[in-house]
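Novice: Structure below; questions to follow.
None of the figures in this text is laboratory data; all of them are computed from the coordinates on show. Nothing here was measured: the structure is a model prediction, and the numbers come from that model. Glycine also receives a Cβ, built like all others from the backbone with ideal geometry; neighbour counts cover every protein chain displayed.
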Amino acid sequence: MTSYTPGETAQKSGFSLDTLRYYEKIGLLSDIARDAAGRRVFTDHDLTWLHMIRCLRETGMPLAEMVRYAELTRGGEGTVAARLELLRDHDRRVEAEIAKLRDQQRQIQWKITLYSGTLEDVCSVGRTAVPAEAAGASAGV
């Protein structure tokens, strides 16, 4: 079994040392081994768990839900249904956020198309004044 120092774990996980300590304090990380000198020693299993924590965090799961998920995970096979429900709820929120972002992206792409057409019109005519309709469109939001 490979073991990692806190610094190596921070580098591999992308979490700062302070964040790793905080996550251990609040229960997101548990049962972190210690060496003879009392220093934390992380394993591949811990890195896999940190990868999941990062996924949940970056997709907007609140910290309290992440802690709840960690507690349920430590609860063993009897908590699978509750974990599944928690993850499905989160997945629905992620889907809703993606849909909202797609709508916003379409708005941005519409503007890009509008501005691109305006620029193409100006370039094809030369350096003449922009028609009033295009000037109004490009000056607006």
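Novice: In segment 40-78, which residues are without any contact (Cβ under 8 Å) to a residue 40 or more places away in the chain, closer than 15 Å to L20 by Cα and among the small types (G, A, S)?
Specialist: If the condition is that a residue be without any contact (Cβ under 8 Å) to a residue 40 or more places away in the chain, closer than 15 Å to L20 by Cα and among the small types (G, A, S), then no residue fits.
Novice: Determine, yes or no, whether A82 is surrounded by 12 or more Cβ atoms within 10 Å (Cβ to Cβ) and free of Cβ contacts under 8 Å to residues at least 12 places away in the same chain. Break it down into steps so the answer makes sense when it comes.
Specialist: Values: surrounded by 12 or more Cβ atoms within 10 Å (Cβ to Cβ): yes; free of Cβ contacts under 8 Å to residues at least 12 places away in the same chain: yes.
It is true that A82 is surrounded by 12 or more Cβ atoms within 10 Å (Cβ to Cβ) and free of Cβ contacts under 8 Å to residues at least 12 places away in the same chain.
Novice: Can you tell me which residue within segment 1-11, out of those that are in contact (Cβ under 8 Å) with a residue 12 or more places away in the chain and touching a helix residue (DSSP H, G or I) at 6+ places or on another chain (Cβ under 6 Å), is nearest to R54 (Cα to Cα)?
Specialist: Applying the filter and picking the extreme gives P6.
Novice: How many of the residues in segment 26-75 are part of a helix (DSSP H, G or I) and among the hydrophobic types (A, V, I, L, M, F, W, C)?
Specialist: Selection size over segment 26-75: 14.
Novice: All but one of (1) touching a helix residue (DSSP H, G or I) at 6+ places or on another chain (Cβ under 6 Å); (2) surrounded by 14 or more Cβ atoms within 10 Å (Cβ to Cβ) hold for G27, so report the exception by its number.
Specialist: The failed condition is (2).
Novice: Regarding segment 92-105, can at least one residue be identified that is over 21 Å from the mean Cα position of the chain (by Cα) and either farther than 18 Å from F15 by Cβ or surrounded by 13 or more Cβ atoms within 10 Å (Cβ to Cβ) (or both)?
Specialist: no
Novice: Pairs, please: C-beta under 9 Å, at least 6 apart or cross-chain, first residue within 22 Å of R57 (Cβ to Cβ) and touching a residue at least 12 places away in the same chain (Cβ under 8 Å) and in segment 86-112, second among the polar types (S, T, N, Q) and surrounded by 10 or more Cβ atoms within 10 Å (Cβ to Cβ)?
Specialist: Hits for this filter: H90/T59; R93/T59; V94/T59; E97/T59.
Novice: Kindly indicate the residue of segment 38-50 that is surrounded by 13 or more Cβ atoms within 10 Å (Cβ to Cβ) and farther than 14 Å from S3 by Cβ and also farthest from the chain's Cα centre (by Cα) among those meeting that condition. Lay out the reasoning, then the answer.
Specialist: Residues of segment 38-50 surrounded by 13 or more Cβ atoms within 10 Å (Cβ to Cβ): 40-43, 46-47, 49-50.
If we keep only those that are farther than 14 Å from S3 by Cβ as well, we get 49-50.
Working: W49: 15, L50: 13 Å.
Once the filter is applied, the top-ranked residue is W49.
Novice: Sticking with this one: Considering each residue of segment 51-79, count those that are within 23 Å of Y4 (Cβ to Cβ), among the charged types (D, E, K, R) and surrounded by 15 or more Cβ atoms within 10 Å (Cβ to Cβ), and give that number.
Specialist: Residues in segment 51-79 being within 23 Å of Y4 (Cβ to Cβ), among the charged types (D, E, K, R) and surrounded by 15 or more Cβ atoms within 10 Å (Cβ to Cβ): 1 in total.
Novice: I would also like to ask the following. Applying the selection to segment 1-24, what residues are loosely packed, with under 15 Cβ neighbours inside 10 Å and part of a loop (DSSP other than H, G, I, E, B)?
Specialist: M1, T2, T5, G14, S16
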